[in-house]
Each structure stands twice: as C-alpha cells, then as structure tokens.
Amino acid sequence: MFRLSPMFFICFVGLSILTAFGIHSFTSSGSGSKSFASTDPLNQDFEGARSSTSLTIGSVDSKNFEFEDESQCSDARKVYERSFARNIPSLFRDDRVRSFSDFPRACMTFILNNSMGSGNSSSASLAVCSSEKSGAKRNGSKACLTKTYVNTLYNYFGDVFDCMGVPQKEYLPKIFNESGFQMAAFGRKQEAGLGYLLSIAVKDANNDHSFEKFKEKILSDAADKESCRNISAQVKNLAPLDPGPAGKCGLMVSPSNPLLNLFYVGVKYWKDRGYIEDALAQMKIIERMSRLGLDEDSYSREQLYQILNTIGFNAGPVTAVTLLHGYLKKVESQGRKLTLQDFNFEEPDLGSLENRKAWEGGFAYYLRVNQAPGTKTYGIILKERAQELNQVFKEGVCVPNSYLAL
C-alpha cells in the first residue's frame, strides 16, 4: 500500500489550501450530473480538504483517506474484494475519468475509515452470509478497504443514484451514522446492507409491481443516460427478494450487491416521496405554513421534502408529515409566526436565554420530545454527522449546504 510520510502530507495539504478545488475540474455529463475529471487517487482522496482557519494543517490524519492493502486483511475481510475481482465488471472496479457521483471519493473513504471500528476484529453490527439465501449471522468482519472495494461502491452509488434521480449528498450523513458504507451492515432491527433497509422497505418496493416498473424505467432511460447504460445489463437480472429474514443476506452478498441494495434504496426514495407529497396535501401543510408566515417564496418546497424524507428514514414517511402537522398545531395555538430558523436542526449554543427559547420553539426540538416511533433525536444526530464531515471537508463538498434546514 502506498503510504504518505507525515512531511509529504503536511506539504500536500498546504498546497491544497492554496489551490482550493483546483485539483479537479467539473464537467457536465450527458445526464446533467457533474463528474470528476481526474483519476489520480491521491488527488481524488484529498480533493475538497477543508481550507479554513478552523482546520490546522496536519490535523486530519492521512490514514482517514488511505486504502488498505489486501495482504494486511484477514481472510474474513477479503470476501467482498475477492468476489468483486471475479464477478464485478472493471467499469465499476477501476478508476473512471468520469464518475456520476456528485461528491469526491474522499467523502466515502473517510466514512469507511471512521465507521464500524477498525482492523480485523468482528462486530455484532456486521453480518456473516454464506450465500444470498443463507440466514444472516452476526459478528461479521469489516470489509477490507482496498481501492477495488471503495471504487466499486463509489461507482455503483453514483450510477444508481444519478440514473434514478436520487439526491446523493442527502444520504451521506445517514450512511455515516448507520451502515458506514459497509455492505455487511446489520442493525439490531435487522436493517441490512448499504441502505440499512428494513423488511418493510423491501416489502413496499415489491408491492404494486414497483420493483419491475423501476427496472423498466432504468432500461428505458439507458438510451439517453450514461449512468443508466452503465448498470442496465445487470439491472435486467435483478429479482425481488423475500422481505423477511430469508432475504436479508440477499441485500448484502456480492455479486448482486451493491447494485441490488442501492436499487431498493432508489425505489424506496420515490415511493416515500409519493407518500410524503400525498400527506402534505391531505393535511394542508403548505397552506398552513403560509398562513403562519412562511409562504413558498421564502423557502424551497424541495428542501422541506428532503427534511421530511430524512425524518422518514427513521419514523416512516407519513409519520414524518404527521409530526410536522402536530408541530404546526402547536405553533398555531401559540399565536406566533414561523421562521426559517424553526426548521434548522443545528443545535445552537444554549448558554443564552434567547438561543434556548428559539431552539425549544423549533421543529427539531419538537421531534426530540414527541417523535414516535423511532429515535427522537434522529434528525439532530444526522445534523451532527453532517457537521463532522464539514469539519474535514469544505461545506457543501460531501453534504448540501442546506442539509436539514429550510
């Protein structure tokens, strides 16, 4: 494995501060997405390193951006690497001149290196699967973070999300908090794989022929979208999984994954969007927000949707809107107006009475007290994960500037 000496790393970061995003050029792809023109691994991995006085030179350990050498990993950790080498096309395993991910590969490498522990130890949060149809067992091993493993995830993620029209950066704090881009991630409620998918998500994606409809859409769009063309040959062979325990390994094993898991995430995104939009209309949320002082000229409805979608990961999409309905009722009963700050999930310095009152009047705090089901602080936790990424990378590189805020 190529390692940087400390002095080289300090010099490199110093130069990156001076060049600030000059390493890569962005070019428009045929589908309108943006892509990284350079395939140099060092440039890709350090692209976007935060260039501000809040990050001192050398404060980010270079190991956060390094790949592992396969020879340093136990056999249990080489399962994906070996499967990829045998079964995954080089289009996904190798560096690309043009990627359909809209964030640098360094974001993914950093998340992988800072999730699910490290080294050759096992974890109850990772599964062991002998085949697609085997039962998932706990105490699996973290995948060996080779260049092949990272490239494969990065290229599939970009292709699937770009092809299906799913916002990519909105998902990184969730993934950082949950699967950590580990294909064998296995939560305590049997959330499985990269997308940390619950059985209900798989079941819903299988209903109403949605699985087949989205496959057909990808194959149809392949004529005009390169990202769809990249995955179309494999998408043809995807088949719905059993949503119960028997299908858990099917969301984690290769070679059907990472594509199949990411495909299910894309289907879930669009189905949840439909549920949220219907619930917004039924509860007249937009009209009520306007009466409370926030008309649509003052915020982006798309951004409101992304907030609800994020809360919906944990509480369910309709429940997320129902919680907003309850919050608006509270504001209405108080006889006050809404502000944009009411929808900011970044917890302020609560040392001042003014800040405390503003925070306790906001939607994030309302969820902290009232959210059920799910984790009451879920949105606040994801905002903190986003801030972690923004402390390492320039704001907006890995996570949208407007993440969990109107």
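The values are calculated or read from the model by the stated rules, or taken from the named source; none is laboratory data. None of these values were measured; they are calculated from a predicted model. FYI the Cβ positions are ideal-geometry reconstructions off the backbone, even for glycines, and counts take in every protein chain you see.
Worth a mention:
- For residue 261, the stated conditions hold: it is assigned to a helix (DSSP H, G or I), polar (S, T, N, Q) and in contact with a strand residue (DSSP E or B) (Cβ under 8 Å, 6 or more places away or on another chain).
- If the condition is being in a helix (DSSP H, G or I), in contact with a Phe, Trp or Tyr (Cβ under 8 Å, 6 or more places away or on another chain) and not charged (D, E, K, R), then the stretch 375-406 contributes 378, 379, 380, 382, 386, 389, 392.
- When 181, 263, 186 are screened for being crowded, with 23+ Cβ neighbours inside 10 Å, touching a Phe, Trp or Tyr at 6+ places or on another chain (Cβ under 8 Å) and of a type outside the set (Gly, Ala, Ser), only 263 passes.
- In the stretch 286-326, the qualifying residues are those that are among the charged types (D, E, K, R) and surrounded by fewer than 16 Cβ atoms within 10 Å (Cβ to Cβ), and the one that is farthest from the chain's Cα centre (by Cα) is 291.
- Qualifying residue in the stretch 150-168 (condition: over 22 Å from residue 381 (Cα atoms), of a type in the set (Asp, Glu), crowded, with 21+ Cβ neighbours inside 10 Å and in contact with a Ser or Thr (Cβ under 9 Å, 6 or more places away or on another chain)): yes
- Subset of the stretch 322-359 [without any contact (Cβ under 8 Å) to a residue 60 or more places away in the chain, closer than 23 Å to residue 282 by Cα and of a type in the set (Phe, Trp, Tyr)]: 327
- Looking at 272, 242, just one residue is of a type in the set (D, E, K, R) and either at pLDDT below 95 or part of a helix (DSSP H, G or I) (or both), and that residue is 272.
- Selection of first residues in the stretch 208-222 that are assigned to a loop (DSSP other than H, G, I, E, B) and of second residues that are basic (Lys, Arg), restricted to Cβ pairs under 7 Å at least 6 apart or on distinct chains, gives the following pairs, ordered by first then second residue: 222/229.
- Some residue of the stretch 225-236 being over 26 Å from residue 190 (Cα atoms), touching a helix residue (DSSP H, G or I) at 6+ places or on another chain (Cβ under 9 Å), part of a loop (DSSP other than H, G, I, E, B) and at pLDDT 95 or above: yes
- Pairs where the first residue, in the stretch 297-309, is closer than 18 Å to residue 323 by Cβ and the second is of a type in the set (Asp, Glu) and surrounded by 14 or more Cβ atoms within 10 Å (Cβ to Cβ), C-beta under 7 Å, 6+ apart: 306/170; 309/272
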